[in-house]
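Participant: Could you have a look at this structure, given as C-alpha coordinates, before my questions?
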Amino acid sequence: MTRRSALIAGAGAAGALAAPGLLRAASAGGPADVIVVGAGVFGAWTARRLQQLGRRVTLVDAWAPAHARASSGGESRMTRAAYGPDEVYARMALESLPEWKALSASAKLPLFHQTGVLFFFPTVEPYVEDSLKVHAKLGLPTARLDNAELSRRFPMIDFDGVEVGLFEPDFGVLMARRAVQTLVVALVAEGGTYVRAEIAPPAASGDGLGYVLTGAGDRLDASQFVFACGPWLPKLFPALLGSRIFPTRQEVFFLAPEAGDERFTPGRLPAWADFNGGDIYYGFPDLEGRGFKIAHDAHGPATDPDVGDRAFSADALADVRAFMARRFPALAGRPLNEARVCQYENSANGDLLIDFHPELKNVLFVGAGSGHGFKHGPAVGGYAAALLTGGLERVEPRFSLASKGQTAKREVH
(Lines give C-alpha, C1' and ligand atoms only; values in the text may rest on other atoms or scores of the structure.)
Protein backbone atom coordinates (compact mmCIF):
# COMPACT_ATOMS: atom_id res chain seq x y z
CA MET A 1 0.00 0.00 0.00
CA THR A 2 1.44 3.36 -0.96
CA ARG A 3 1.30 6.56 1.04
CA ARG A 4 -1.50 7.77 -1.26
CA SER A 5 -3.78 4.99 0.03
CA ALA A 6 -4.19 5.64 3.74
CA LEU A 7 -5.75 2.70 5.55
CA ILE A 8 -7.44 3.64 8.78
CA ALA A 9 -8.52 1.52 11.74
CA GLY A 10 -9.65 2.49 15.22
CA ALA A 11 -12.57 3.35 17.46
CA GLY A 12 -14.10 6.37 19.09
CA ALA A 13 -16.04 9.39 17.92
CA ALA A 14 -16.47 10.32 14.27
CA GLY A 15 -13.40 12.51 14.45
CA ALA A 16 -11.28 9.41 15.02
CA LEU A 17 -11.18 8.79 11.29
CA ALA A 18 -9.00 11.82 10.91
CA ALA A 19 -7.07 11.48 14.18
CA PRO A 20 -3.35 10.62 14.24
CA GLY A 21 -2.15 7.26 15.49
CA LEU A 22 -4.84 5.18 13.81
CA LEU A 23 -2.96 3.94 10.76
CA ARG A 24 -1.97 0.31 10.42
CA ALA A 25 -0.52 -1.93 7.74
CA ALA A 26 -2.62 -2.83 4.73
CA SER A 27 -2.16 -6.55 5.36
CA ALA A 28 -3.67 -6.46 8.86
CA GLY A 29 -6.67 -8.79 9.10
CA GLY A 30 -5.91 -10.53 5.80
CA PRO A 31 -7.60 -9.98 2.44
CA ALA A 32 -11.21 -8.83 2.34
CA ASP A 33 -14.17 -11.01 1.50
CA VAL A 34 -15.95 -7.93 0.14
CA ILE A 35 -14.67 -4.55 -1.03
CA VAL A 36 -17.26 -1.78 -0.87
CA VAL A 37 -16.39 1.24 -3.02
CA GLY A 38 -17.97 4.43 -1.73
CA ALA A 39 -18.26 5.50 1.91
CA GLY A 40 -21.54 7.35 1.62
CA VAL A 41 -24.70 6.29 3.38
CA PHE A 42 -25.40 3.30 1.11
CA GLY A 43 -21.83 2.03 1.08
CA ALA A 44 -21.34 2.47 4.82
CA TRP A 45 -24.57 0.69 5.75
CA THR A 46 -23.92 -2.12 3.25
CA ALA A 47 -20.42 -2.60 4.65
CA ARG A 48 -21.78 -2.64 8.20
CA ARG A 49 -24.48 -5.19 7.36
CA LEU A 50 -21.96 -7.44 5.62
CA GLN A 51 -19.71 -7.20 8.64
CA GLN A 52 -22.60 -8.21 10.89
CA LEU A 53 -23.07 -11.27 8.65
CA GLY A 54 -19.48 -12.28 9.34
CA ARG A 55 -17.79 -10.97 6.20
CA ARG A 56 -14.39 -9.30 6.26
CA VAL A 57 -15.06 -5.93 4.68
CA THR A 58 -12.86 -3.20 3.23
CA LEU A 59 -14.61 0.12 2.66
CA VAL A 60 -12.92 2.42 0.14
CA ASP A 61 -13.47 6.09 -0.63
CA ALA A 62 -11.47 8.59 -2.66
CA TRP A 63 -11.73 11.28 0.04
CA ALA A 64 -13.52 10.43 3.31
CA PRO A 65 -16.88 9.16 4.61
CA ALA A 66 -19.62 11.59 3.51
CA HIS A 67 -17.02 14.03 2.19
CA ALA A 68 -17.84 17.49 0.87
CA ARG A 69 -18.30 16.37 -2.77
CA ALA A 70 -20.42 13.31 -1.92
CA SER A 71 -24.18 13.07 -2.22
CA SER A 72 -24.18 11.95 1.45
CA GLY A 73 -22.20 14.99 2.58
CA GLY A 74 -23.55 18.10 4.24
CA GLU A 75 -25.54 18.75 7.36
CA SER A 76 -28.94 17.13 7.23
CA ARG A 77 -31.44 14.86 5.49
CA MET A 78 -35.14 14.29 6.00
CA THR A 79 -36.55 10.96 7.12
CA ARG A 80 -40.26 10.41 6.45
CA ALA A 81 -42.67 7.75 5.26
CA ALA A 82 -45.00 9.83 3.07
CA TYR A 83 -44.46 8.42 -0.42
CA GLY A 84 -47.91 8.45 -1.95
CA PRO A 85 -48.62 4.97 -3.38
CA ASP A 86 -44.97 3.82 -3.15
CA GLU A 87 -45.34 1.52 -0.17
CA VAL A 88 -41.92 -0.02 -0.74
CA TYR A 89 -40.25 3.26 0.28
CA ALA A 90 -42.61 3.94 3.18
CA ARG A 91 -41.74 0.50 4.54
CA MET A 92 -38.02 1.06 4.06
CA ALA A 93 -38.19 4.39 5.89
CA LEU A 94 -40.09 2.79 8.76
CA GLU A 95 -37.69 -0.15 8.89
CA SER A 96 -34.69 2.18 8.92
CA LEU A 97 -35.93 4.56 11.62
CA PRO A 98 -35.10 2.40 14.69
CA GLU A 99 -31.65 1.71 13.24
CA TRP A 100 -31.00 5.43 12.94
CA LYS A 101 -32.24 5.97 16.49
CA ALA A 102 -29.95 3.24 17.79
CA LEU A 103 -26.96 4.70 15.97
CA SER A 104 -27.85 8.13 17.33
CA ALA A 105 -28.06 6.75 20.88
CA SER A 106 -24.54 5.34 20.51
CA ALA A 107 -23.04 8.65 19.39
CA LYS A 108 -21.68 11.50 21.47
CA LEU A 109 -23.76 14.03 19.52
CA PRO A 110 -27.29 13.40 18.17
CA LEU A 111 -27.64 11.92 14.71
CA PHE A 112 -31.45 12.01 14.67
CA HIS A 113 -33.71 14.93 15.63
CA GLN A 114 -37.37 13.97 16.00
CA THR A 115 -38.75 17.23 14.68
CA GLY A 116 -41.76 15.70 12.96
CA VAL A 117 -42.30 16.14 9.22
CA LEU A 118 -44.99 18.28 7.60
CA PHE A 119 -45.99 18.02 3.94
CA PHE A 120 -48.63 20.44 2.64
CA PHE A 121 -50.57 20.67 -0.61
CA PRO A 122 -52.76 23.16 -2.48
CA THR A 123 -55.40 20.46 -3.05
CA VAL A 124 -56.27 17.01 -1.77
CA GLU A 125 -54.35 15.25 -4.52
CA PRO A 126 -53.91 11.45 -4.87
CA TYR A 127 -50.48 11.62 -3.16
CA VAL A 128 -52.26 12.67 0.05
CA GLU A 129 -54.89 9.95 -0.01
CA ASP A 130 -52.42 7.27 -1.08
CA SER A 131 -49.96 8.21 1.68
CA LEU A 132 -52.71 8.01 4.30
CA LYS A 133 -53.80 4.59 3.05
CA VAL A 134 -50.27 3.23 3.21
CA HIS A 135 -49.69 4.75 6.65
CA ALA A 136 -52.91 3.27 8.01
CA LYS A 137 -51.75 -0.13 6.74
CA LEU A 138 -48.37 0.34 8.43
CA GLY A 139 -49.87 1.62 11.68
CA LEU A 140 -48.29 5.07 11.47
CA PRO A 141 -49.89 7.93 13.47
CA THR A 142 -49.90 10.39 10.57
CA ALA A 143 -52.31 13.30 11.01
CA ARG A 144 -54.31 14.90 8.23
CA LEU A 145 -54.60 18.64 8.90
CA ASP A 146 -56.88 21.18 7.23
CA ASN A 147 -55.90 24.79 6.60
CA ALA A 148 -57.23 26.07 9.91
CA GLU A 149 -55.36 23.43 11.91
CA LEU A 150 -52.16 24.00 9.95
CA SER A 151 -52.32 27.72 10.68
CA ARG A 152 -53.02 27.12 14.37
CA ARG A 153 -50.20 24.63 14.89
CA PHE A 154 -47.58 26.27 12.67
CA PRO A 155 -48.24 30.03 12.65
CA MET A 156 -44.74 30.82 11.34
CA ILE A 157 -45.85 29.46 7.92
CA ASP A 158 -48.29 31.32 5.64
CA PHE A 159 -50.65 28.62 4.38
CA ASP A 160 -52.51 30.80 1.91
CA GLY A 161 -53.72 28.57 -0.94
CA VAL A 162 -53.03 25.36 1.02
CA GLU A 163 -55.92 22.95 1.55
CA VAL A 164 -54.36 20.02 3.41
CA GLY A 165 -51.25 18.86 5.22
CA LEU A 166 -49.80 15.56 6.44
CA PHE A 167 -47.91 15.55 9.72
CA GLU A 168 -45.67 12.60 10.65
CA PRO A 169 -44.73 12.99 14.34
CA ASP A 170 -42.31 10.04 14.56
CA PHE A 171 -39.93 11.20 11.84
CA GLY A 172 -37.57 14.13 11.48
CA VAL A 173 -34.01 14.98 10.47
CA LEU A 174 -30.78 12.98 10.23
CA MET A 175 -27.40 14.68 10.63
CA ALA A 176 -25.94 13.33 7.42
CA ARG A 177 -22.17 13.65 7.48
CA ARG A 178 -21.93 12.97 11.21
CA ALA A 179 -24.12 9.85 10.91
CA VAL A 180 -22.04 8.30 8.14
CA GLN A 181 -18.79 9.06 9.95
CA THR A 182 -20.13 7.47 13.14
CA LEU A 183 -21.15 4.36 11.21
CA VAL A 184 -17.72 3.98 9.60
CA VAL A 185 -15.99 4.40 12.96
CA ALA A 186 -18.16 1.56 14.31
CA LEU A 187 -17.25 -0.58 11.29
CA VAL A 188 -13.54 -0.05 11.86
CA ALA A 189 -13.80 -0.50 15.63
CA GLU A 190 -15.15 -4.00 15.08
CA GLY A 191 -12.43 -5.10 12.68
CA GLY A 192 -13.45 -3.63 9.36
CA THR A 193 -10.98 -1.76 7.18
CA TYR A 194 -11.29 1.71 5.73
CA VAL A 195 -9.04 2.76 2.82
CA ARG A 196 -8.74 6.24 1.39
CA ALA A 197 -7.98 5.65 -2.28
CA GLU A 198 -9.34 6.51 -5.69
CA ILE A 199 -10.55 3.42 -7.57
CA ALA A 200 -9.90 3.16 -11.30
CA PRO A 201 -12.63 1.96 -13.66
CA PRO A 202 -12.52 -1.86 -13.49
CA ALA A 203 -10.93 -3.60 -16.45
CA ALA A 204 -12.34 -7.10 -16.11
CA SER A 205 -12.63 -10.11 -18.34
CA GLY A 206 -14.72 -13.21 -17.91
CA ASP A 207 -17.73 -13.41 -15.62
CA GLY A 208 -16.20 -11.99 -12.45
CA LEU A 209 -13.96 -9.33 -10.97
CA GLY A 210 -10.87 -10.42 -9.04
CA TYR A 211 -9.47 -7.09 -7.93
CA VAL A 212 -9.64 -3.32 -8.31
CA LEU A 213 -6.76 -0.91 -8.80
CA THR A 214 -6.34 2.37 -6.99
CA GLY A 215 -5.29 5.55 -8.72
CA ALA A 216 -1.85 4.97 -7.21
CA GLY A 217 -1.62 1.53 -8.82
CA ASP A 218 -2.24 -0.54 -5.68
CA ARG A 219 -4.21 -3.75 -6.13
CA LEU A 220 -7.08 -4.58 -3.76
CA ASP A 221 -8.31 -8.18 -3.94
CA ALA A 222 -11.63 -9.63 -2.80
CA SER A 223 -14.17 -12.31 -3.64
CA GLN A 224 -17.04 -9.85 -4.08
CA PHE A 225 -17.39 -6.15 -4.81
CA VAL A 226 -20.02 -3.53 -4.09
CA PHE A 227 -19.95 -0.23 -5.97
CA ALA A 228 -21.96 2.30 -3.97
CA CYS A 229 -20.23 5.42 -5.19
CA GLY A 230 -23.17 7.64 -6.06
CA PRO A 231 -22.50 10.05 -8.93
CA TRP A 232 -19.24 8.24 -9.66
CA LEU A 233 -21.11 5.08 -10.72
CA PRO A 234 -21.54 6.27 -14.33
CA LYS A 235 -17.87 7.30 -14.39
CA LEU A 236 -16.65 3.86 -13.30
CA PHE A 237 -19.09 2.00 -15.57
CA PRO A 238 -19.78 4.44 -18.42
CA ALA A 239 -21.02 1.95 -20.99
CA LEU A 240 -23.52 0.40 -18.62
CA LEU A 241 -24.59 3.26 -16.35
CA GLY A 242 -23.56 6.40 -18.19
CA SER A 243 -27.03 6.82 -19.67
CA ARG A 244 -28.96 5.46 -16.66
CA ILE A 245 -27.68 7.52 -13.72
CA PHE A 246 -28.18 11.30 -13.84
CA PRO A 247 -25.96 13.46 -11.59
CA THR A 248 -27.39 16.98 -11.28
CA ARG A 249 -26.24 20.12 -9.48
CA GLN A 250 -28.38 21.06 -6.43
CA GLU A 251 -28.19 24.16 -4.24
CA VAL A 252 -29.10 24.42 -0.55
CA PHE A 253 -29.22 27.53 1.65
CA PHE A 254 -29.15 28.25 5.39
CA LEU A 255 -30.56 31.56 6.60
CA ALA A 256 -30.27 33.17 10.02
CA PRO A 257 -33.51 33.75 11.95
CA GLU A 258 -33.67 36.95 13.97
CA ALA A 259 -31.73 36.76 17.24
CA GLY A 260 -33.89 35.28 19.97
CA ASP A 261 -36.64 34.16 17.56
CA GLU A 262 -37.62 30.62 18.58
CA ARG A 263 -40.35 30.10 15.99
CA PHE A 264 -37.99 28.30 13.61
CA THR A 265 -36.33 25.99 16.12
CA PRO A 266 -36.89 22.21 16.49
CA GLY A 267 -39.96 21.63 18.58
CA ARG A 268 -41.71 24.59 17.01
CA LEU A 269 -41.05 24.13 13.29
CA PRO A 270 -40.92 20.61 11.82
CA ALA A 271 -39.05 19.51 8.74
CA TRP A 272 -41.36 20.44 5.90
CA ALA A 273 -42.11 20.29 2.18
CA ASP A 274 -44.49 22.42 0.15
CA PHE A 275 -45.68 20.29 -2.76
CA ASN A 276 -46.71 23.53 -4.48
CA GLY A 277 -48.54 21.93 -7.40
CA GLY A 278 -45.56 19.69 -8.19
CA ASP A 279 -42.87 22.40 -7.91
CA ILE A 280 -41.59 21.28 -4.52
CA TYR A 281 -39.64 23.31 -1.97
CA TYR A 282 -38.47 21.78 1.31
CA GLY A 283 -36.52 22.67 4.41
CA PHE A 284 -35.61 22.12 8.03
CA PRO A 285 -35.75 24.11 11.25
CA ASP A 286 -32.68 25.84 12.66
CA LEU A 287 -30.81 22.72 13.80
CA GLU A 288 -27.80 23.17 16.06
CA GLY A 289 -27.58 26.85 15.19
CA ARG A 290 -26.69 26.37 11.50
CA GLY A 291 -29.76 28.26 10.31
CA PHE A 292 -33.09 27.64 8.60
CA LYS A 293 -32.42 25.30 5.68
CA ILE A 294 -34.27 25.60 2.39
CA ALA A 295 -33.93 24.11 -1.09
CA HIS A 296 -35.86 23.87 -4.32
CA ASP A 297 -36.41 20.23 -5.25
CA ALA A 298 -36.13 20.86 -8.99
CA HIS A 299 -33.34 19.00 -10.74
CA GLY A 300 -30.50 21.30 -11.67
CA PRO A 301 -28.19 21.02 -14.67
CA ALA A 302 -26.04 17.96 -15.26
CA THR A 303 -22.80 18.01 -13.32
CA ASP A 304 -19.50 16.19 -12.97
CA PRO A 305 -18.83 15.34 -9.30
CA ASP A 306 -15.07 15.66 -9.76
CA VAL A 307 -14.79 19.02 -11.49
CA GLY A 308 -18.17 20.71 -11.01
CA ASP A 309 -17.81 24.07 -9.30
CA ARG A 310 -19.44 24.35 -5.85
CA ALA A 311 -20.08 28.10 -5.77
CA PHE A 312 -23.77 28.88 -5.31
CA SER A 313 -25.65 31.02 -7.83
CA ALA A 314 -27.36 34.33 -7.15
CA ASP A 315 -30.37 33.16 -9.17
CA ALA A 316 -30.91 30.13 -6.93
CA LEU A 317 -30.73 32.25 -3.78
CA ALA A 318 -33.20 34.75 -5.27
CA ASP A 319 -35.52 31.86 -6.11
CA VAL A 320 -35.71 30.55 -2.54
CA ARG A 321 -36.04 34.08 -1.15
CA ALA A 322 -39.04 34.66 -3.42
CA PHE A 323 -40.58 31.45 -2.15
CA MET A 324 -39.94 32.44 1.48
CA ALA A 325 -41.61 35.80 0.92
CA ARG A 326 -44.77 33.81 0.26
CA ARG A 327 -44.50 31.03 2.85
CA PHE A 328 -41.98 32.24 5.48
CA PRO A 329 -42.22 36.05 5.29
CA ALA A 330 -40.29 36.60 8.54
CA LEU A 331 -37.24 34.93 6.98
CA ALA A 332 -37.34 36.19 3.40
CA GLY A 333 -34.91 39.03 3.98
CA ARG A 334 -32.73 37.43 6.64
CA PRO A 335 -28.97 37.10 6.04
CA LEU A 336 -27.43 34.02 4.54
CA ASN A 337 -25.45 31.87 6.98
CA GLU A 338 -24.06 29.52 4.37
CA ALA A 339 -24.82 27.83 1.07
CA ARG A 340 -23.96 24.40 -0.22
CA VAL A 341 -23.84 22.95 -3.72
CA CYS A 342 -24.13 19.17 -3.84
CA GLN A 343 -25.66 16.79 -6.36
CA TYR A 344 -28.43 14.32 -6.89
CA GLU A 345 -27.70 11.06 -8.71
CA ASN A 346 -31.09 9.72 -9.67
CA SER A 347 -32.20 6.96 -11.95
CA ALA A 348 -34.60 7.94 -14.72
CA ASN A 349 -37.71 7.70 -12.51
CA GLY A 350 -36.13 7.98 -9.04
CA ASP A 351 -36.15 4.29 -8.11
CA LEU A 352 -33.09 2.87 -6.37
CA LEU A 353 -30.56 0.66 -8.13
CA ILE A 354 -29.57 -2.45 -6.15
CA ASP A 355 -28.62 -5.17 -8.59
CA PHE A 356 -25.75 -7.24 -9.96
CA HIS A 357 -23.65 -6.32 -12.93
CA PRO A 358 -25.13 -8.27 -15.88
CA GLU A 359 -21.75 -9.85 -16.74
CA LEU A 360 -19.62 -9.63 -13.61
CA LYS A 361 -21.54 -11.90 -11.28
CA ASN A 362 -19.67 -10.89 -8.12
CA VAL A 363 -20.22 -7.14 -8.62
CA LEU A 364 -23.22 -5.45 -7.02
CA PHE A 365 -24.39 -1.89 -7.77
CA VAL A 366 -26.03 0.14 -5.00
CA GLY A 367 -27.06 3.67 -5.87
CA ALA A 368 -29.45 6.12 -7.55
CA GLY A 369 -30.69 7.33 -4.17
CA SER A 370 -30.26 11.09 -4.25
CA GLY A 371 -33.27 13.22 -3.54
CA HIS A 372 -34.86 10.69 -1.23
CA GLY A 373 -32.46 7.82 -0.51
CA PHE A 374 -30.44 8.82 2.56
CA LYS A 375 -33.19 7.92 5.04
CA HIS A 376 -33.30 4.36 3.67
CA GLY A 377 -29.63 3.65 4.41
CA PRO A 378 -30.13 0.86 6.97
CA ALA A 379 -32.77 -0.89 4.85
CA VAL A 380 -30.71 -0.50 1.67
CA GLY A 381 -27.65 -1.91 3.42
CA GLY A 382 -29.63 -4.88 4.69
CA TYR A 383 -31.17 -5.57 1.29
CA ALA A 384 -27.83 -5.28 -0.52
CA ALA A 385 -26.00 -7.49 1.97
CA ALA A 386 -28.70 -10.15 1.78
CA LEU A 387 -28.68 -10.04 -2.01
CA LEU A 388 -24.90 -10.36 -2.15
CA THR A 389 -24.79 -13.28 0.30
CA GLY A 390 -27.76 -15.18 -1.08
CA GLY A 391 -30.05 -14.54 1.88
CA LEU A 392 -32.61 -12.25 0.28
CA GLU A 393 -36.17 -13.58 0.57
CA ARG A 394 -37.67 -11.52 -2.25
CA VAL A 395 -36.11 -9.42 -4.99
CA GLU A 396 -37.70 -6.02 -5.54
CA PRO A 397 -38.13 -5.58 -9.32
CA ARG A 398 -38.06 -1.80 -9.04
CA PHE A 399 -34.43 -1.94 -7.89
CA SER A 400 -33.26 -3.92 -10.90
CA LEU A 401 -30.87 -2.63 -13.54
CA ALA A 402 -33.25 -3.88 -16.23
CA SER A 403 -35.94 -1.45 -15.01
CA LYS A 404 -33.73 1.61 -15.41
CA GLY A 405 -34.64 3.86 -18.32
CA GLN A 406 -32.47 6.33 -20.18
CA THR A 407 -34.75 9.37 -20.16
CA ALA A 408 -34.92 11.34 -16.92
CA LYS A 409 -38.48 11.68 -15.64
CA ARG A 410 -38.51 11.42 -11.88
CA GLU A 411 -41.70 9.90 -10.47
CA VAL A 412 -40.64 8.99 -6.93
CA HIS A 413 -40.84 11.87 -4.42
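Participant: Pairs needed: first member in the range 125-144, farther than 16 Å from residue 278 by Cβ; second member anywhere, open to solvent by less than 70 Å² (accessible area, probe 1.4 Å) and of a type in the set (S, T, N, Q); C-beta distance under 9 Å; at least 6 residues apart or different chains.
Facilitator: Within 9 Å, the pairs are 132/142; 135/142; 136/142; 142/131.
Participant: Mind counting the residues in the range 349-359 that are buried (at least 19 other Cβ atoms within 10 Å of the Cβ) and either more than 22 Å from the chain's Cα centre (by Cα) or closer than 16 Å to residue 202 by Cα (or both)?
Facilitator: Result for the range 349-359: 1.
Participant: Could you run through the range 326-342 and say how many residues are more than 25 Å from the chain's Cα centre (by Cα) and open to solvent by 60 Å² or more (accessible area, probe 1.4 Å)?
Facilitator: Total satisfying the criteria: 5.
Participant: With the checklist (1) within 24 Å of residue 77 (Cα to Cα); (2) in contact (Cβ under 8 Å) with a residue 24 or more places away in the chain in hand, flag the one item residue 355 doesn't pass.
Facilitator: (1)
Participant: Restricting to the range 33-67, name every residue that is buried (at least 24 other Cβ atoms within 10 Å of the Cβ) and in a loop (DSSP other than H, G, I, E, B).
Facilitator: Passing the criteria: 38, 39, 40, 65, 66.
Participant: Whether any residue in the range 18-29 is at pLDDT 95 or above and open to solvent by 10 Å² or more (accessible area, probe 1.4 Å) is what I want to check.
Facilitator: There is no residue in the range 18-29 that is at pLDDT 95 or above and open to solvent by 10 Å² or more (accessible area, probe 1.4 Å).
Participant: Moving to a separate point now. So is residue 106 open to solvent by less than 30 Å² (accessible area, probe 1.4 Å) and either among the acidic types (Asp, Glu) or farther than 19 Å from residue 266 by Cα (or both) or not?
Facilitator: Working: open to solvent by less than 30 Å² (accessible area, probe 1.4 Å): no; either among the acidic types (Asp, Glu) or farther than 19 Å from residue 266 by Cα (or both): yes.
So residue 106 does not fit the description; no.
Participant: Among the residues of the range 271-311, write down those that are buried (at least 23 other Cβ atoms within 10 Å of the Cβ) and either in contact with a Ser or Thr (Cβ under 6 Å, 6 or more places away or on another chain) or modelled with pLDDT under 95 (or both).
Facilitator: Within the range 271-311, 271, 284, 285, 286 qualify.
Participant: Just need a number here: residues in the range 315-368 that are in a strand (DSSP E or B) and in contact with a helix residue (DSSP H, G or I) (Cβ under 6 Å, 6 or more places away or on another chain). Spell out how you get there, then give the answer.
Facilitator: Taking the range 315-368 first, the residues in a strand (DSSP E or B) are 336-346, 353-356, 363-367.
Add one more test, that the residue is in contact with a helix residue (DSSP H, G or I) (Cβ under 6 Å, 6 or more places away or on another chain), and what stays is 343, 345, 354-355, 364, 366-367.
The number of residues fulfilling the criteria is 7.
Table: residues versus (1) surrounded by fewer than 21 Cβ atoms within 10 Å (Cβ to Cβ); (2) under 29 Å from residue 130 (Cα atoms); (3) in contact (Cβ under 8 Å) with a residue 60 or more places away in the chain.
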| site | (1), (2), (3) |
| --- | --- |
| 151 | yes, yes, no |
| 166 | no, yes, yes |
| 180 | no, no, yes |
| 214 | yes, no, yes |
| 219 | yes, no, no |
| 223 | yes, no, yes |
| 237 | yes, no, yes |
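Participant: Within the range 72-101, can you find the residues that are more than 25 Å from residue 61 (Cα to Cα), part of a helix (DSSP H, G or I) and either open to solvent by less than 40 Å² (accessible area, probe 1.4 Å) or not acidic (Asp, Glu) (or both)?
Facilitator: 88, 89, 90, 91, 92, 93, 94, 97, 98, 101, listed by residue number.
Participant: I would also like to ask the following. Look at residue 227 and say whether it is in contact with a strand residue (DSSP E or B) (Cβ under 9 Å, 6 or more places away or on another chain) and buried (at least 21 other Cβ atoms within 10 Å of the Cβ). Step through it out loud before you land on a result.
Facilitator: On the way: in contact with a strand residue (DSSP E or B) (Cβ under 9 Å, 6 or more places away or on another chain): yes; buried (at least 21 other Cβ atoms within 10 Å of the Cβ): yes.
So residue 227 passes the test.
Matching residues to (1) at pLDDT 95 or above; (2) in a helix (DSSP H, G or I):
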position	(1), (2)
191	yes, no
205	no, no
208	no, no
220	yes, no
231	yes, yes
234	yes, yes
257	yes, no
260	yes, no
266	yes, no
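Participant: From 160, 170, grab the single residue that is within 28 Å of the chain's Cα centre (by Cα) and in a loop (DSSP other than H, G, I, E, B).
Facilitator: Checking each option against the conditions leaves just 170.
The values are calculated or read from the model by the stated rules, or taken from the named source; none is laboratory data. Computed from a predicted model, the values in this text were never measured in an experiment. Because the Cβ atoms are built from the backbone with ideal geometry, glycine has one as well, and the counts that use them run over all protein chains shown. Surface accessibility is based on the protein's heavy atoms, side chains included, excluding ligands, DNA and RNA. Shrake-Rupley method; radii C 1.70, N 1.55, O 1.52, S 1.80 Å.
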